[in-house]
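A quick write-up on the structure given underneath.
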Amino acid sequence: MAQGLWDGIEGVVSRPLNGARTTGIAGFCTGIATGAVGLLTRPVAGVLDGFGNTAEFYSKLLQEPERISNAHEDYL
């Protein structure tokens, strides 16, 4: 979630600057719009990613453990 928040804040600054460098004032305005959208969506994506990682962790935790074979079973 923190990474998503950081990416959103970074996008608000970097997208308008990059847009201004490439296409001038129109790129700056487009960069502001896309940066604002990113500021809203990236933290939400970070939270959802966190839920997904937690669900994956518990799914693996509840699975039957795999048996590790003993390399020397033939000699027992």
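Remarks
- For the chain, adding -39500 (n - 2.57) for each run of n ≥ 4 DSSP H residues and dividing by the number of residues yields -28500 deg cm²/dmol at 222 nm.
- Relative to the longest principal axis of the Cα atoms of the chain, the long axis of helix 25-62 lies at roughly 10 degrees.
- Phi angles of segment 9-21 translate, via the Karplus equation with coefficients 6.51, -1.76, 1.60 and θ = phi - 60°, into HN-Hα couplings of 5, 4, x, 5, 8, 6, 5, x, 5, 5, x, 5, 5 Hz per residue; Gly and Pro are given as x.
- Taking label positions 7 Å along the Cα-Cβ direction at both Val44 and Cys29, the computed distance is 2.5 nm, reported to one decimal.
- Lys, Arg +1 and Asp, Glu -1 on Cβ, resulting dipole of the chain about Cα centre, debye, nearest 20: 660 debye
- Per the Debye calculation on the chain with a single equal scatterer at every Cα and no solvent contribution, log₁₀ I(q)/I(0) for q = 0.23 Å⁻¹ amounts to -0.92.
- Sequence of Arg67, Arg15 once ranked by neighbouring C-beta atoms within 10 Å, starting from the fewest: Arg67, Arg15
- The relative contact order of the chain comes to 33 percent, based on Cα pairs under 8 Å that sit 6 or more residues apart.
Here, each number is a calculation from the coordinates, and none is a lab measurement. Values in this document were obtained by computation on a predicted structure and should not be read as measured data. All Cβ positions, even for glycine, are placed from backbone atoms using ideal geometry, and neighbour counts span all protein chains on display.
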